[in-house]
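J.: My structure is below; once you've seen it, I'll send some questions.
Read-outs: derived from the displayed coordinates by stated rules, not from any lab. Worth saying up front: this structure is predicted, and the values here are computed from it rather than measured. Cβ placement follows ideal geometry from the backbone for every residue including glycine, while neighbour counts extend to all protein chains displayed.
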Amino acid sequence: MAPGSTARDARSTGWRTAPEPRRGDDNGPVEEICDITVTADDREWLVGFVRTLVAERLVACGNVTVTPVRSIYRWEGEIEEADEVSVVLHTRRALADRVIAHTEAAHPYDTPQVLVVPVVGAAEGYHRWVVESTGDETGDGE
C-alpha cells in the first residue's frame, strides 16, 4: 500500500470481490463469476450462438463487437491475418466448462478461441444479476 493511502472495504464501494467466499449475510457465499471471450469470422453466427447460450441460461449476456478486429496469428506454420468479431460472455464460474464444451461443439473453427477470465470484482447489483440470470430457472446452480 502506498504511504498515506488507506485500505477500503469492498462492501463500502458496492463492489463484490471474488473468489473469496464470504458468509455472514443472508445470501451465503459469493458465487464466482467470469468472462469468457470467443472469436469467430461470422458476426451473425456469433450473435445466434450468444442467443442460444442466453436462452439455455449458460450465460447472462454477451457483448458482441460491432466492428471486426484484425487477428494476426500463427497457423500450421504460417503467419495469418483475418478479420474476426468477438464476444465477451458473462456467466458463473461454475458454468464455464459447459460454455467451453458448447462452444467447441458448435463453433465453425477447428480450434476456436475460448478464454475464461476470472472477474475479481463487480458492481454488486450486476454480480447478482449475472448469478440470477444463469443456472436453472430459479437462478440456482447448474
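J.: Extending each Cα 7 Å along its Cβ direction at R128 and T37, get the distance between those two points in nm, one decimal.
T.: 3.0
J.: In percent, how large is the relative contact order of the range 30-132, given Cα pairs closer than 8 Å and 6 or more residues apart?
T.: Taking the mean separation of contacting Cα pairs over the length of the range 30-132, I get 43 percent.
J.: Still on this structure: If you average the alpha carbon positions of the range 46-104 and of the range 109-134, how far apart do those two centres end up, in angstrom?
T.: With the range 46-104 and the range 109-134 each reduced to a Cα centre, they are spaced 12 Å.
J.: Could you pull out which residues in the range 53-67 have an amide N less than 13 Å from a spot 7 Å beyond the Cα of V88, following the Cα-Cβ vector?
T.: 61-66
J.: Full extension from R70 to V120: what is 0.36 nm times the residue separation minus their Cα-Cα distance, to one decimal in nm?
T.: Numbers: separation 50, 0.36 × 50 = 18.00 nm, distance 2.81 nm.
Contour length minus the Cα-Cα distance gives 15.2 nm.
J.: For the range 75-142, what does the relative contact order come out to in percent, with C-alpha contacts under 8 Å and a separation of six or more?
T.: 33
J.: Between the DSSP loop rule and a limit of at most 14 other Cβ atoms within 10 Å, which chymotrypsin sites (Phe, Trp or Tyr not before Pro) in the range 45-142 are left?
T.: For chymotrypsin sites (Phe, Trp or Tyr not before Pro) across the range 45-142 that sit outside H, G, I, E and B with at most 14 neighbouring Cβ atoms in 10 Å, the list reads Y109.
J.: Summarise the long-distance tail of P(r) for the range 30-132 by giving the % of C-alpha pairs beyond 17 Å.
T.: On the way: 2733 of 5253 pairs.
The share of Cα pairs beyond 17 Å in the range 30-132 comes to 52 percent.
J.: Out of residues 5 or more away from V59 or on other chains, whose amide H comes under 5 Å of its own, with H placed 1.01 Å from N in the peptide plane?
T.: Amide H neighbours of V59: V54.
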